[in-house]
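Asks: Quick one: this structure, given as structure tokens, is what I'll be asking you about.
The values are calculated or read from the model by the stated rules, or taken from the named source; none is laboratory data. As the structure is a prediction and not an experimental result, all values here were calculated from the model. Glycine also receives a Cβ, built like all others from the backbone with ideal geometry; neighbour counts cover every protein chain displayed.
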Amino acid sequence: MIFRFLRLIFPVVCCFVSVVSCTGKRQQAGSGTGEEAAEVATGVEHAQGFTLAENDGVTLLTVSNPWQGAQHVTYRYALCGKEKEVPAELSGYTVIRTPVERVVCLSTTHVAMLSAIGKTHTVKALSGSEYVSDPEVVRAVASGETVDIGYEASLNFEKIIALKPDVIFAYGVGQEVLGSLRRLTDLGLTVVFNAEYLERTALGKAEWIRFMAAFYGEEDRADSLFGNICRSYDSLKQITAGMTDRPAVMCGLPWQGSWYIPGGRSSIAAMIADAGGNYLWKENTSHESYPVDIEAIIDKGAAADFWINTGAAGSLSEIRSVDERLALARPWKTGQVYNNYARASAGGGNDYFESGIVRPHVILKDMIGIFHPDVLPGHSFYYYMKLN
């Protein structure tokens, strides 16, 4: 299913940041048309997929190219208080009355962001409820307060209509998502794209907290939270900044016959570097995952010191069961294989891909603990576990 595929192919990972640039302050839009204000006055520091501005008490959000391969695609949203008159110059925006009270989330990362700002009680439906890790949402699903509405091509439109949501937070892997989008909007429903998974840095992904918070009037809370995330991440990154001894790292596991590895300009590659590692495919110029022959990976894996993010594998024997040749990789032989699967749910979900979106500093700390255990003596892994 596309939902599960997204979780496997687009891991939550991080990149460079400075403390000074992590203030995350909103800016006033100033004069001019709404469109000009949204495009020019933005307080967004790390995310590339959205802008945020304020214009006469209205929060203006734009989302750009929200699926893979999208070009020159922009969605504009004007967030207005329930009693505020909408300025005429915002006619080109989708107007959403705030704070929203009933929402649908089509990705567990959306749930994590709402959890971070204390708004999971507004989640009335979601896709893939069996994959959710957040305890409050798990309880809501069990009690029937929150319902599952299926996946993209199989969305239960009748359920969604009956819920009368203020907003449906959606994502798109490819342009085919437009089919579901059009049907939802034709039914009079408001769909908002959240494209955090396309960001090239972990802090870029995490900054979408600010995007989500705007729908609730919780911008100040999100600014403070994001600032703390930035400072924690940067503090950890400084630990490894001057290291010359950087162990070689390989990543991933074959999935349905293909081995997708992160590109050298991807967020996972950047995080490996920030954690003091040397990603073996760092010379690649792609920021997305791409397929590589198993033979080529095993050949290069002979020089690896560590192997991380091994899919759903919970042991070395499970890795070998995928393909006997995987046991030839040096980390498999030396027992230096770690998976981000320590917080897996009974339904097959993985909290690394959920709450990890708003805790990149915790992921980074785990990685440093793997590559340089002497630097963080006694560190207890949160998202990672060593495979035996």
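Asks: Looking at Gly188, Gly144 in this structure, which one is at positive phi, out of contact with any Asp or Glu (no Cβ under 6 Å at 6 or more places or on another chain) and either surrounded by 13 or more Cβ atoms within 10 Å (Cβ to Cβ) or modelled with pLDDT of 95 or more (or both)?
Replies: Going through Gly188, Gly144 in turn, the sole match is Gly144.
Asks: Please go through segment 193-247 and pick out each residue that is outside any helix (DSSP H, G or I), of a type in the set (Gly, Ala, Ser) and over 19 Å from the mean Cα position of the chain (by Cα). Walk me through how you get there before you give the answer.
Replies: So in segment 193-247, the residues outside any helix (DSSP H, G or I) come out as 193-195, 199-201, 207, 217-218, 241-247.
From what's left, of a type in the set (Gly, Ala, Ser): 195, 217, 241-242.
If the condition is that a residue be outside any helix (DSSP H, G or I), of a type in the set (Gly, Ala, Ser) and over 19 Å from the mean Cα position of the chain (by Cα), then Gly217, Ala241, Gly242 are the ones that fit.
Asks: Name the single residue that is surrounded by the most Cβ atoms within 10 Å (Cβ to Cβ) among those in segment 191-218 being touching a Lys or Arg at 6+ places or on another chain (Cβ under 6 Å) and of a type in the set (D, E, K, R).
Replies: Within segment 191-218, the subset touching a Lys or Arg at 6+ places or on another chain (Cβ under 6 Å) is 196, 199, 216.
Filter once more, keeping what is of a type in the set (D, E, K, R): 196, 199.
Working: Glu196: 27, Glu199: 25.
Applying the filter and picking the extreme gives Glu196.
Asks: Then there's this: Restricting attention to segment 275-317, which residues are of a type in the set (Ser, Thr, Tyr) and closer than 30 Å to Gly69 by Cα? Let's see the steps before the verdict.
Replies: The first filter runs over segment 275-317 and keeps only residues of a type in the set (Ser, Thr, Tyr), leaving 279, 285-286, 289-290, 310, 315, 317.
Those that are of a type in the set (Ser, Thr, Tyr) and closer than 30 Å to Gly69 by Cα: Tyr279, Thr285, Ser286, Ser289, Tyr290, Thr310.
Asks: Take the conditions of a type in the set (Asp, Glu), in contact with a Gly (Cβ under 9 Å, 6 or more places away or on another chain) and either modelled with pLDDT of 95 or more or under 16 Å from Arg359 (Cα atoms) (or both) and apply them to Asp223. Does it pass? Write out each step before concluding.
Replies: Values: of a type in the set (Asp, Glu): yes; in contact with a Gly (Cβ under 9 Å, 6 or more places away or on another chain): yes; either modelled with pLDDT of 95 or more or under 16 Å from Arg359 (Cα atoms) (or both): yes.
So Asp223 fits the description; yes.
Asks: Output the qualifying pairs, or none if there are none: Cβ atoms under 8 angstrom, residues six or more apart or on different chains, first residue in segment 221-240 and of a type in the set (Ser, Thr, Tyr), second residue outside any helix (DSSP H, G or I).
Replies: Pairs that qualify, where the first residue is of a type in the set (Ser, Thr, Tyr) and the partner is outside any helix (DSSP H, G or I), are Tyr233/Cys14; Tyr233/Val17; Thr240/Ala275; Thr240/Gly276; Thr240/His372; Thr240/Val375.
Asks: Which of the residues spanning segment 133-152 are of a type outside the set (S, T, N, Q), farther than 14 Å from Ser355 by Cα, in contact with a helix residue (DSSP H, G or I) (Cβ under 7 Å, 6 or more places away or on another chain) and not in a strand (DSSP E or B)?
Replies: Val141, Ile149, Tyr151, Glu152
Asks: Of the residues that sit in segment 103-117 and are under 18 Å from the mean Cα position of the chain (by Cα) and not in a helix (DSSP H, G or I), which one is surrounded by the fewest Cβ atoms within 10 Å (Cβ to Cβ)? Walk me through it before giving the result.
Replies: To start, the set of residues in segment 103-117 that are under 18 Å from the mean Cα position of the chain (by Cα) comprises 104-117.
Those left that are additionally not in a helix (DSSP H, G or I): 104-107, 117.
Values: Val104: 27, Cys105: 31, Leu106: 25, Ser107: 24, Ile117: 19.
Among those residues, the one meeting the criterion is Ile117.
Asks: A further question follows. Considering segment 301-344 alone, what residues qualify as being touching an Asp or Glu at 6+ places or on another chain (Cβ under 9 Å), within 26 Å of Lys365 (Cα to Cα) and basic (Lys, Arg)?
Replies: Arg330, Arg343
Asks: Just give me the residues in segment 153-175 being in a loop (DSSP other than H, G, I, E, B) and surrounded by 13 or more Cβ atoms within 10 Å (Cβ to Cβ), in sequence order.
Replies: Matches in segment 153-175: Leu155, Asn156, Pro165, Asp166, Tyr171, Gly172, Val173.
Asks: Could you tell me how many of the residues in segment 327-349 are touching a residue at least 40 places away in the same chain (Cβ under 8 Å) and in a helix (DSSP H, G or I)?
Replies: 1
Asks: Which of the strands (runs of 3 or more DSSP E) found entirely inside segment 40-102 contain at least 3 residues meeting this: within 28 Å of Gly227 (Cα to Cα) and among the polar types (S, T, N, Q)?
Replies: Numbers: elements: 50-55, 58-64, 74-81, 94-98.
Counting at least 3 such residues, we get 58-64.
Asks: Still on this structure, I have one more. Among the listed residues Thr74, Thr23, Thr109, Thr98, which satisfies the condition of being polar (S, T, N, Q), modelled with pLDDT under 50 and within 27 Å of Glu354 (Cα to Cα)? Steps first, answer last, please.
Replies: Values: Thr74 fails: modelled with pLDDT under 50; Thr109 fails: modelled with pLDDT under 50; Thr98 fails: modelled with pLDDT under 50.
Matching residue, one of Thr74, Thr23, Thr109, Thr98: Thr23.
Asks: Among the residues of segment 264-279, what is the count of those that are in a loop (DSSP other than H, G, I, E, B) and either over 21 Å from the mean Cα position of the chain (by Cα) or surrounded by fewer than 24 Cβ atoms within 10 Å (Cβ to Cβ) (or both)?
Replies: Start the filter on segment 264-279 by keeping residues that are in a loop (DSSP other than H, G, I, E, B), which leaves 264-266, 275-277.
From the residues that got through so far, the ones that are either over 21 Å from the mean Cα position of the chain (by Cα) or surrounded by fewer than 24 Cβ atoms within 10 Å (Cβ to Cβ) (or both) too are 264-265, 276-277.
Total satisfying the criteria: 4.
Asks: I've got another one for you. With respect to Glu130, determine if the residue is part of a loop (DSSP other than H, G, I, E, B), more than 25 Å from Arg210 (Cβ to Cβ) and at pLDDT below 95. Before you say what the answer is, go through the steps one by one.
Replies: Working: part of a loop (DSSP other than H, G, I, E, B): no; more than 25 Å from Arg210 (Cβ to Cβ): yes; at pLDDT below 95: yes.
No, not satisfied.
Asks: Search segment 63-87 for residues being buried (at least 17 other Cβ atoms within 10 Å of the Cβ) and hydroxyl-bearing (Ser, Thr, Tyr), and hand back the single one that is farthest from Val192 (Cα to Cα).
Replies: Result: Ser64.
Asks: Can you tell me which of (1) modelled with pLDDT under 95; (2) surrounded by fewer than 22 Cβ atoms within 10 Å (Cβ to Cβ) is the one Ile261 doesn't meet?
Replies: Every listed condition holds for Ile261 apart from (2).
Asks: Restricting attention to segment 280-323, and to residues there that are in contact with a Pro (Cβ under 8 Å, 6 or more places away or on another chain) and in a strand (DSSP E or B), which single residue is surrounded by the fewest Cβ atoms within 10 Å (Cβ to Cβ)?
Replies: By that ranking, first place goes to Phe306.
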